[in-house]
Amino acid sequence: QVQLVESGGGLVQPGGSLRLSCAATGTIVTTYTMGWYRQTPGKQRELVATITSSGSTNYADSVKGRFTISRDNAKRTVYLQMNSLKPEDTAVYYCKIFRGGSDYWGRGTQVTVSS
């Protein structure tokens, strides 16, 4: 059974940093694109960043220059380093593995940016 488990969320002040992790079990990750999304109440889930199997990355304009996605295939883990956090980054962050029609999501981790 494929599972994605996010961790690393929490409360942080504006300008601070957090590092999210997403660990996969029940599947290899080496050959798949993985990504981070976020969602706030009443809004659609939006793409934050993706990373392909070869390490190519893509970011939403709102996080470019502040967030960095990376992966460790041996640990089956994808990371999201978030710097210079803003209140508008507050959301539940979800991990996703793209398996070509058999995609999976994690349950999410809450990130709150507030003073």
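The values are calculated or read from the model by the stated rules, or taken from the named source; none is laboratory data. Note that the coordinates shown come from a computational prediction; the quantities given were computed from them, not determined experimentally. So basically every Cβ, Gly included, is an ideal-geometry build from the backbone, and we count neighbours across all protein chains shown. For the accessible areas, the whole protein counts, side chains as well, though only heavy atoms, and no ligand, DNA or RNA atoms are used. Shrake-Rupley method; radii C 1.70, N 1.55, O 1.52, S 1.80 Å.
All of Gly35, Gly15, Gly10 fail the test of being out of contact with any His (no Cβ under 8 Å at 6 or more places or on another chain), under 16 Å from Gln110 (Cβ atoms) and modelled with pLDDT of 95 or more, apart from Gly10.
When the test is whether a residue is touching a residue at least 12 places away in the same chain (Cβ under 8 Å), over 12 Å from Ala24 (Cα atoms) and in a loop (DSSP other than H, G, I, E, B), Leu80 does not pass it. Within segment 43-53, being at pLDDT 95 or above and more than 15 Å from the chain's Cα centre (by Cα) holds for Lys43, Gln44. Against the conditions (1) open to solvent by less than 40 Å² (accessible area, probe 1.4 Å); (2) among the hydrophobic types (A, V, I, L, M, F, W, C); (3) not in a loop (DSSP other than H, G, I, E, B), Ala74 satisfies every one except (1).
Of the residues making up segment 1-22, those that are open to solvent by less than 40 Å² (accessible area, probe 1.4 Å) and within 16 Å of the chain's Cα centre (by Cα) are Leu4, Glu6, Gly8, Gly9, Gly10, Leu18, Leu20, Ser21, Cys22.
Just the residues that are touching a residue at least 60 places away in the same chain (Cβ under 8 Å) and β-branched (Val, Ile, Thr), please, taken from segment 1-42. Of everything in segment 1-42, those that are touching a residue at least 60 places away in the same chain (Cβ under 8 Å) and β-branched (Val, Ile, Thr) turn out to be Val2, Val5, Val12, Thr27, Val29, Thr33.
Out of contact with any Lys or Arg (no Cβ under 8 Å at 6 or more places or on another chain) and under 18 Å from Val113 (Cβ atoms): does that describe Leu20? In short, yes.
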